[in-house]
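These notes concern the structure reproduced below.
The values are calculated or read from the model by the stated rules, or taken from the named source; none is laboratory data. Bear in mind the structure is a predicted one, so any value in this text is a computation, not a measurement. In this analysis, Cβ positions are derived from the backbone assuming ideal geometry, glycine residues included, and neighbour counts consider all displayed protein chains. Remember, those area values only see protein heavy atoms, side chains included, never the ligands or the DNA or RNA. Shrake-Rupley method; radii C 1.70, N 1.55, O 1.52, S 1.80 Å.
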Amino acid sequence: MMFGQTYQQTMQRRNEIISNSLKVNYEQFQTSPIAFDYEKMMTVLGYNIKEVMKIQKEAQVGNTPLWELKQLTKLIRNISPKGKGARILMKDEAANPSGSFKDRRASLAVYEAKKRGFTGVVAATSGNYGAAVASQAAKQGLKCIVLQEASDSDGIGQPEIIEKARKCESLGAEVVQLSVGPELFYTALATLDETKYFNASLYSPYAIAGVETLGYEIASEVQQQFGKEPAAVCITHAGGGNVTGTARGLRKYGNIQTKIIGVSVDLKGLHMASDQDFNRKSFTTGHTGFSIPFTTNPDRSDVPYNAARPLRYLDQFITVTQGEVFYTTELLAKLEGLERGPAGNTSLAAALVLAQQLDEDEIIVVQETEYTGAGKHPVAQLNFAKKQGINVYKGNPEENKPGSTIVIPEHIQQLRVEEIDLERIRESYLRNKLKNQNINKLNTEDKNFLAKEINRDLNYIESYINRNSSVLS
């Protein structure tokens, strides 16, 4: 694509372009060089959750079914210790207009774009969010441009991403496909600057507020059907918006006991911006290549303050393997008659393990599903993996090696979850946040901000600073 300004000129005007394309003055939230008023940022929108639900209802978004997975629950109880085996529920977000929970994020952003008089929207994403923005833009009569990292430098792309491009185009969007690398952010800024369209960023307050209704619906529906809070909600974790929005919705309904569990596919060792690694991963979202960096450094996003702050809400963070997700996808289809895409099944794979540890009278909720299609189907994904030299076979999933081996379990008792040490994640966040800062000048407000960011108290922050003062100074 050709633009009127050079790379350097565009990047130097980054804050101006983002401010013009979102109509949000982020400086009003800043309280110090490291702190900002997060809750003020989330409420400055002027919408409460009931108003968001009304907007989404008019856009035919939300109010998706909450299914009880009776066959899978029965199977889990057969292999669990006596009295164990929680009831497994699943929120079927594939019932949204474009087939995923991303419609919730897109609906509020596109509504805001229309209200503010923009004639079009731009979204930079290779995931389901592009289709969601395209769908909502079509409903609102706005133009839509979706920017995708679609291939490696040889022009080879994964079938799932190609599938998503077709879906965006079928919904009326113009799709701009790029190879993996730093070009995406520059192209997004330049496109916003030249078109004067609205920035439908995944990380704006609109996108996160839109997901809050998902958590709120889960809490409300479980209460109505079973008269209690779910013991745990499993949330597929990538850039943090899914965890943040769902957790905030659960809390707004009053579910303060429900455990918030983030689940990612283990792709450790693969670099997401690497041309060599781009096609060696068989998942395009919900994996550690996004979840770890965005959890430990959320403001690496395309807005000054990312509204997705998963560490504020996570009680547990676990991973599963690629093979376990493919196995679970097949299990869901064959036992429950539900063929769904891989993203939501990441959480389901974890729930099948965690349910065995909970009492029979408890409830665990899988918080999303996604649509499936030719490119998302396990057969397409695994055939592509084999062509990239990935070894695929049935056996012990502990032999899985991201980028070289995918092992499909032979039976359900082989499913496992791996804990990610949240203390190490919290310390990594603090290291990133305090880098190049004079910690001797931190005031109580700064320390309170940091404590909220990692869901710990002021004593934890004081202790961390004392233990690391020689390194941080």
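One table, with the values for the structure above:
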quantity	calculated
Mean ellipticity per residue at 222 nm, deg cm²/dmol - from DSSP H runs of n ≥ 4 across the chain, formula -39500 (n - 2.57)	-14000 deg cm²/dmol
Options Gly262, Thr346, Gln276, ranked by Cα towards positive dipole end of region 257-361, top entry (Cβ charges)	Gln276
Rounded FRET efficiency, nearest 0.05, which uses the C-beta distance separating Lys40 from Glu427 and R0 of 25 Å	0.35
Charge dipole (region 56-171, unit charges on Cβ, about Cα centre) - positive-most of Gln140, Ala94, Pro81	Pro81
Part-to-part distance (alpha-carbon centres) for region 187-252 and region 160-176, which is given in Å	23
Region 346-461: equivalent-ellipsoid semi-axes (sqrt of 5 x gyration tensor eigenvalues, Cα, Å)	39, 21, 15
Kirkwood estimate for region 3-80, i.e. one over the average of 1/r between Cα atoms, Å	17.8
Ranked packing of 172-179, 202-209, most packed first, by mean Cβ within 10 Å	202-209, 172-179
Semi-axes of the equivalent ellipsoid for region 222-264, Cα gyration tensor, largest first, Å	20, 11, 8
Mean Cβ count within 10 Å, highest first, over the residues of peptides 73-85, 112-124	112-124, 73-85
Exposure rank, largest accessible area first [Arg105, Arg166; 1.4 Å]	Arg166, Arg105
Dipole of region 3-115, positive end: most advanced residue of Ser107, Met11, Gln60 [Cβ charges, Cα centre]	Gln60
Cα-based Rg / Dmax (Å) for region 165-272	18.1, 53
Cα-centre dipole for region 249-312 with unit charges at Cβ (Lys and Arg positive, Asp and Glu negative), debye to 20	400
Per-bin percent of Cα-Cα distances, region 341-403 [5 Å]	4, 14, 16, 20, 19, 14, 8, 4, 1, 0
Relative contact order of the chain, pairs being alpha-carbon contacts under 8 Å that are 6 or more residues apart, as %	18
Alpha-carbon spread of region 434-473, three principal axes, descending order, Å	24, 17, 14
For the chain, accessible area per residue (1.4 Å probe, heavy atoms of protein chains only), Å²	40
Note, ³J(HN,Hα) from phi for region 236-250, Karplus 6.51, -1.76, 1.60, rounded to Hz, x at Gly and Pro	4, 10, 10, x, x, x, 5, 5, 4, x, 5, 5, 5, x, 4
Region 353-358 - phi-based ³J(HN,Hα) in whole Hz, Karplus 6.51/-1.76/1.60, Gly and Pro as x	7, 5, 4, 5, 8, 9
Contour excess over end-to-end distance, with Cα ends at Glu445 and Gln223 and 0.36 nm allotted per residue	76.2 nm
Region 109-154: proportion of alpha-carbon pairs further apart than 16 angstrom, %	37
Label-point separation, Leu458 to Glu16 (7 Å along Cα→Cβ), nm	4.2
Value in Å of the Kirkwood radius, where region 140-215 supplies the Cα pairs that are averaged	14.0
Given Lys102/Lys387; Lys334/Lys401; Lys281/Lys433; Lys54/Lys164; Lys74/Lys376; Lys143/Lys164, the pairs whose alpha carbons are separated by over 20 Å	Lys102/Lys387; Lys334/Lys401; Lys281/Lys433; Lys54/Lys164; Lys74/Lys376
Convex hull projection area averaged over all views, region 38-106, Cα basis, nm²	7.1
Within the accessible area of the chain (1.4 Å probe), percent carbon and sulfur	46
Orientation-averaged projected area, Cα convex hull of the chain (nm²)	21.8
